[in-house]
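The values are calculated or read from the model by the stated rules, or taken from the named source; none is laboratory data. Quick caveat, the model's predicted, so the values are computed rather than measured. Neighbour counts run over all protein chains shown; Cβ positions are idealised from the backbone, glycine included. Surface areas here come from the heavy atoms of the whole protein model, side chains and all, with no ligands, DNA or RNA. Shrake-Rupley method; radii C 1.70, N 1.55, O 1.52, S 1.80 Å.
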Amino acid sequence: MITYRSVSTIDELNGILALQENNLKDNLPAELKSREGFLTIKHDLATLQAMHELCPSVIATDHDKVIGYALVMPVEARELIPMLEPMFSQFDTLEYKNKPLSSYRYYVMGQVCVHGNYRGQGVFDGLYNMHKRLFSPTYDFVITEISVNNTRSIRAHERVGFNTIHKHHDQTDEWLVVLWDWNDPA
């Protein structure tokens, strides 16, 4: 039985870290990265705890085992992961519907991952649906960046309702900035 909820324990945060470790870009063979997607950023427990204190992330569990997660990263968390500062700086320069992003209430999807045995079963969509349920009263949208090489993630985000608002290169990759507007009826 898969359930979706906000993170509430250290064990759940450790479950996120274990799932993350198995899906990091540097830990996967090229063929698997291409087919299944990958994670770019590695977190530690202290960082996840700090993010969780600002706003708890969402997990999917099966019999209390974390089988998926979608990390909430409010703008206030931008200093917690220095590697992501260029992303936040990029967001500071962008507009959406002819207004600066900073004029909206939004948070960044810090990372989303589903255990390999549970892919293709709606867990990704379930995580995002829980995000919308929990956070749409407070935020206008969720935004994130996806490597153009992570085609599985791009397709999954589009399926949920994300739209590309910007594309750019940095020293590590080419990125799509995608946004899910919860106030857009389309």
Which members of the range 89-99 meet the condition of being in contact with a helix residue (DSSP H, G or I) (Cβ under 8 Å, 6 or more places away or on another chain), open to solvent by less than 90 Å² (accessible area, probe 1.4 Å) and modelled with pLDDT of 95 or more?
-> Leu94
So, in the range 64-79, of the ones that are open to solvent by 60 Å² or more (accessible area, probe 1.4 Å) and in a helix (DSSP H, G or I), which residue ends up nearest to Asn129 (Cα to Cα)?
-> Glu76
For residues that are farther than 19 Å from Tyr4 by Cβ and open to solvent by 70 Å² or more (accessible area, probe 1.4 Å), tally how many sit in the range 153-181.
-> 8
Go through Tyr139, Tyr128 for me and flag whichever is hydroxyl-bearing (Ser, Thr, Tyr) and more than 13 Å from the chain's Cα centre (by Cα).
-> Tyr139
Under 7 Å by Cβ, and 6 or more places apart or on different chains, what pairs join a residue from the range 132-155 that is assigned to a helix (DSSP H, G or I) with one that is open to solvent by 40 Å² or more (accessible area, probe 1.4 Å) and at pLDDT below 95?
-> Arg152/Glu36
Qualifying positions in the range 107-129 - open to solvent by less than 20 Å² (accessible area, probe 1.4 Å), more than 20 Å from Asn22 (Cα to Cα) and not in a strand (DSSP E or B) = Gly126, Tyr128
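Within 21 Å of Leu48 (Cβ to Cβ) and in contact (Cβ under 8 Å) with a residue 12 or more places away in the chain: is that true of Tyr104 in this structure? First the steps, then the outcome.
Details: within 21 Å of Leu48 (Cβ to Cβ): no; in contact (Cβ under 8 Å) with a residue 12 or more places away in the chain: yes.
When the stated conditions are applied, Tyr104 does not pass them.
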Of the residues in the range 160-175 that are outside any loop (DSSP other than H, G, I, E, B) and in contact with a Phe, Trp or Tyr (Cβ under 8 Å, 6 or more places away or on another chain), the one that is farthest from Leu84 (Cα to Cα) is Val160
Among (1) outside any helix (DSSP H, G or I); (2) open to solvent by 60 Å² or more (accessible area, probe 1.4 Å), the one test that Pro86 misses | (1)
Regarding Phe91, is this residue in contact (Cβ under 8 Å) with a residue 40 or more places away in the chain and under 25 Å from Thr3 (Cα atoms)?
-> no
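Would you point out the residue of the range 136-159, among those that are hydrophobic (A, V, I, L, M, F, W, C) and in contact with a strand residue (DSSP E or B) (Cβ under 7 Å, 6 or more places away or on another chain), that is farthest from Asp173 (Cα to Cα)? Lay out the reasoning, then the answer.
Filtering the range 136-159 for residues hydrophobic (A, V, I, L, M, F, W, C) gives 141-143, 146, 148, 154, 156.
Filter once more, keeping what is in contact with a strand residue (DSSP E or B) (Cβ under 7 Å, 6 or more places away or on another chain): 141-143, 146, 148, 154.
Numbers: Phe141: 24, Val142: 22, Ile143: 18, Ile146: 10, Val148: 8, Ile154: 15 Å.
Step by step, filter the range 136-159, then rank; the result is Phe141.
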